[in-house]
């Protein structure tokens with residue numbers, strides 16, 4: 001995809017203005033200025049509060065206000081907002097797959113897989129990828145840590161960690177906010193929060209919610225079918241904060257989330273009248289369909305529901321020693337239905353209809369002891385995590401001529417001990433040493449898969465028509481005496497690893513800092529989640545060794561904030577997905593090498609004008625990799641564009657009355673990105689997204705009490721793809737998923 005002249009000029013001006021580049025403070029800088037008296041951002045990237053400019057880690061912090069100004073309402077829109085970050089999904093906004101510095105789930109989209117980018121809600125690890133997008137509202141900030149986090153965020157964090165931190169009760173007074181909005185595609189949104197003090201300085205309660213409902217933005221020309229990629233979500237959160245004494249702080253949080261949008265618009269890349277490839281050149285295909293149209297006979301929905309509770313207790317044992325306990329439990333349900341090939345509704349038979357059903361239980365317990373005195377900070381503790389995926393999936397072949405049923409229970413238990421010491425030797429030199437040892441124990445049990453002729457498929461993906469007694473069992477068996485399905489033998493899986501981090505830093509007299517670090521990350525061994533027609537294979541654990549140097553600081557009387565980092569990562573045993581006919585496999589890629597440079601910058605020449613930018617240059621390639629269809633050595637790692645950049649301008653145009661008019665344009669650019677490890681090999685050349693730039697803009701009138709906002713995303717209506725899957729081995733087809741077209745609307749927010 002080509003960028004137009006206007007977009008090129010905007011990108012060039014942003015690049016020239018920020019030629020020196022900068023780290024993880026860029027976009028939240030002014031919005032979160034109140035976080036510290038000197039305007040610095042305070043983060044907890046190392047599980048303790050400190051200035052983002054003093055943390056020897058590549059970290060970006062974004063406030064809720066900054067997310068709003070950038071038009072980010074779901075995690076899928078975070079692509080490019082942070083250096084090296086990509087967010088993709090074949091299910092639209094559901095089950096976002098995060099990739100940082102080229103490390104992610106690649107083309108492995110099974111819900112049982114743990115993300116190599118650890119996702120945390122208020123420091124609690126969330127294993128189920130289907131619910132990673134439900135709590136993006138009423139946040140204090142989002143912290144994105146890039147590179148392996150093998151000590152304090154140790155569970156499956158070969159790529160990095162993203163921590164969504166909720167706003168907490170203030171323990172003083174009463175306040176809140178309420179916002180309503182309307183956008184094209186008949187989309188209505190509402191959100192709000194109420195913060196009330198139950199006992200001054202002792203107890204407070206904050207409740208918040210987020211709601212959205214709208215039509216799909218991909219038109220479905222199939223008769224009687226809804227449009228694809230609709231909006232349908234509701235989430236709520238309640239946080240009770242208790243501080244009965246100065247030494248004791250108790251935080252109790254409860255969450256609920258539900259989402260049920262129509263499935264993403266799937267565009268088939270086979271041959272015939274629904275082949276989407278000609279759309280890129282002519283604007284329409286043989287059926288006269290435009291890019292933002294699909295022809296899906298049985299579209300389906302992406303249903304997700306989640307509930308959770310979290311208890312955090314911090315007790316100060318002395319002036320230098322504190323004990324923190326974090327306990328969380330989450331339950332989630334996922335049911336994704338779709339016609340899984342993208343073939344036109346005019347085709348007499350649909351090769352594949354699917355229902356992916358999963359129920360997740362997740363538990364975390366962490367105990368951490370912290371010692372802090374003078375220039376010494378030591379943290380040590382233990383962690384235990386448990387998650388269970390009870391999967392129950394159906395596959396209807398050729399309009400129900402045959403049916404496949406697969407179910408299993410996957411149970412993972414992870415235990416770890418860890419310690420990290422941060423020591424300042426004088427006003428200039430400092431060092432960090434962290435170690436973590438992890439034991440992972442998993443089991444694959446209560447499973448079976450079978451195939452049988454249909455007993456009357458009606459097209460509604462009802463699951464009560466599967467004949468369990470006359471089926472042919474690939475895994476497990478049918479016991480006629482009891483009338484029940486008998487599971488195959490339990491498959492245990494064990495892995496463990498020593499991970500950690502060593503970093504040295506030097507701080508100049510004027511506050512700028514240099515750092516160098518080595519870190520190791522680890523992702524546990526895994527099961528193939530969709531091996532219903534082949535032996536259930538397992539993989540080796542992933543490991544990453546990362547070397548990084550960086551610098552960060554402020555210049556020109558604090559008008560300019562800069563950060564830059566360079567890194568080299570040696571990646572072993574990446575877990576990826578392959579299909580061979582009807583057979584799905586999970587495989588390891590032996591070796592990859594990823595090297596790159598990241599930068600962020602923020603320049604504020606006046607109190608009414610600020611320009612921010614970030615970017616990344618990546619060289620991510622496979623070195624040793626033999627897959628089913630040949631070697632991929634030398635091919636680029638998927639979801640890792642060579643160059644990615646974004647920029648934003650915050651401009652106060654004029655003061656008027658009690659407020660001011662503010663203009664916030666932004667742009668996100670990405671170079672070529674592949675959706676498959678094969679790149680162009682074996683006929684995969686269309687599973688990619690070419691270079692593209694998207695421009696967003698907001699115009700608002702802001703006062704202390706209210707904000708009126710007009711906004712537009714993807715101003716020039718760029719036609720881009722969000723993801724793609726290779727199904728040629730199974731059905732002879734590829735398919736791509738469209739990213740959103742131009743969207744625009746307005747909102748009104750009131751604060752009290």
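Sorted by average packing, counted as other Cβ atoms within 10 angstrom per residue and highest first, what order do 649-659, 239-249 take?
Values: 649-659: 13.5, 239-249: 15.5.
With the highest mean Cβ count within 10 Å placed first, the list reads 239-249, 649-659.
I need the Debye-formula profile for segment 343-416: one equal scatterer per C-alpha, no solvent, reported as log10 I(q)/I(0) at q = 0.13, 0.17, 0.27, 0.28 1/Å, two decimals.
-0.63, -0.79, -1.11, -1.14
What distance in nm separates the simple spin-label points at residue 398 and residue 537, each placed 7 Å from Cα in the Cβ direction?
2.7
So how do 154-161, 255-262, 698-705, 518-525 stack up, highest first, on mean other-Cβ count within 10 Å?
On the way: 154-161: 29.0, 255-262: 20.6, 698-705: 15.8, 518-525: 23.4.
Ranking the peptides 154-161, 255-262, 698-705, 518-525 by packing returns 154-161, 518-525, 255-262, 698-705.
To the nearest µm²/s, what D does Stokes-Einstein give for segment 562-647 at 20 °C and 1.002 mPa s, using the Kirkwood radius over alpha carbon pairs as Rh? Don't skip to the answer; put the middle values down first.
On the way: Rh = 15.4 Å.
Roughly 139 µm²/s, to the nearest whole number.
In nm, what is the difference between 0.36 nm times the number of residues separating residue 742 and residue 369 and their Cα-Cα distance?
Values: separation 373, 0.36 × 373 = 134.28 nm, distance 4.96 nm.
Between residue 742 and residue 369, full extension yields an extra 129.3 nm.
Relative contact order for segment 491-588 using alpha-carbon pairs under 8 Å, separation at least 6, rounded to a whole percent?
Numbers: 195 pairs, mean separation 24.3, N = 98.
Relative contact order comes out at 25 percent.
Take the alpha carbon atoms of segment 674-715, find their center, do the same for segment 95-126, and report the distance between the two centers in whole angstrom.
If we compute the Cα centre of each part, the gap is 20 Å.
Cα centroid distance between segment 488-550 and segment 201-216, in Å?
Their Cα centres are 34 Å away from one another.
Rounded to the nearest 0.05, what FRET efficiency is calculated for residue 376 and residue 472 with R0 set to 45 Å and r the Cβ-Cβ distance?
Working: r = 66 Å, r/R0 = 1.46.
The value I calculate is 0.10.
Highest first, please rank the peptides 114-121, 630-637 by the mean number of other Cβ atoms sitting within 10 Å of their residues.
Details: 114-121: 25.4, 630-637: 18.2.
The most tightly packed comes first, giving 114-121, 630-637.
On the principal axes of its Cα set, how long, how wide and how thick is segment 282-422? Give whole Å, largest value first.
Projected onto its principal axes, the Cα set of segment 282-422 covers 73, 39, 22 Å.
As an exercise, use a Förster radius of 45 Å and the Cβ-Cβ distance of residue 431 and residue 200 to find the FRET efficiency, rounded to the nearest 0.05. Present the calculation step by step, with values, prior to reporting the outcome.
Working: r = 43 Å, r/R0 = 0.95.
After rounding, the FRET efficiency stands at 0.60.
Take every Cα-Cα distance within segment 116-183, group them into 5 Å bins from 0 onward, and report for each bin the whole-number percent of pairs it holds.
4, 15, 23, 19, 14, 11, 8, 7, 1
Relative to the present Cα-Cα distance, how much length would full extension add between residue 509 and residue 349 at 0.36 nm per residue of separation?
50.4 nm is the gain from fully extending residue 509 to residue 349.
From Cα pairs below 8 angstrom and at least 6 apart in sequence, can you work out the relative contact order of segment 473-522, rounded to a whole percent?
Working: 46 pairs, mean separation 12.9, N = 50.
It comes to 26 percent, rounded to a whole number.
So if R0 is 25 Å, what FRET efficiency would residue 516 and residue 633 give, r being the distance between their Cβ atoms, rounded to the nearest 0.05? Mind showing how you got there, number by number?
Working: r = 30 Å, r/R0 = 1.20.
So the FRET efficiency works out to roughly 0.25.
What whole-number value in cubic angstrom gives the convex hull volume per residue for the C-alpha atoms of segment 666-752? Can you show the working numbers first?
On the way: hull volume 11.2 nm³, N = 87.
Value for segment 666-752: 128 Å³ per residue.
For segment 379-421, count all C-alpha to C-alpha pairs, find those more than 12 Å apart, and express that count as a whole percent of the total.
Working: 649 of 903 pairs.
Taking all Cα-Cα pairs of segment 379-421, the fraction more than 12 Å apart is 72 percent.
Okay, helix-only estimate at 222 nm for the chain: each DSSP H run of n ≥ 4 adds -39500 (n - 2.57), divide by all residues, round to 500 deg cm²/dmol; what do you get?
Details: 4 runs with 27 residues, N = 752.
That comes out to -1000 deg cm²/dmol.
Can you give the relative contact order of the chain as a percent, counting alpha carbon pairs under 8 Å and 6+ residues apart? If you can, show how the numbers build up before the last one.
Values: 2291 pairs, mean separation 99.1, N = 752.
The value is 13 percent.
Compute the length gained on full extension between residue 256 and residue 319: take 0.36 nm times their separation in residues and subtract their Cα-Cα distance, giving the result in nm to one decimal. Please list the in-between numbers first.
Working: separation 63, 0.36 × 63 = 22.68 nm, distance 3.70 nm.
Value of the extension gain: 19.0 nm.
Dividing the convex hull volume of the alpha carbon atoms of segment 5-751 by its residue count, what do you get in Å³ per residue? Provide the component values of the computation, followed by the final result.
Working: hull volume 111.5 nm³, N = 747.
Taking only Cα atoms, segment 5-751 has a hull volume of 149 Å³ per residue.
Would you calculate the separation in nanometres between label points at residue 556 and residue 702, each defined as 7 Å from the Cα along the Cα-to-beta-carbon direction?
Taking the simple label geometry, residue 556 and residue 702 are separated by 2.1 nm.
When each pair of different Cα atoms in segment 609-654 is counted once in the 1/r mean, what is the Kirkwood radius in angstroms, to one decimal? If you can, show how the numbers build up before the last one.
Working: mean 1/r = 0.0733 Å⁻¹.
In segment 609-654 this quantity evaluates to 13.6 Å.
Values in this text are rule-based calculations from the coordinates and carry no lab data. In this text, all values refer to a predicted model and were calculated from it rather than measured experimentally. Glycine gets a Cβ as well: all are built from the backbone with ideal geometry, and neighbour counts include every protein chain shown.
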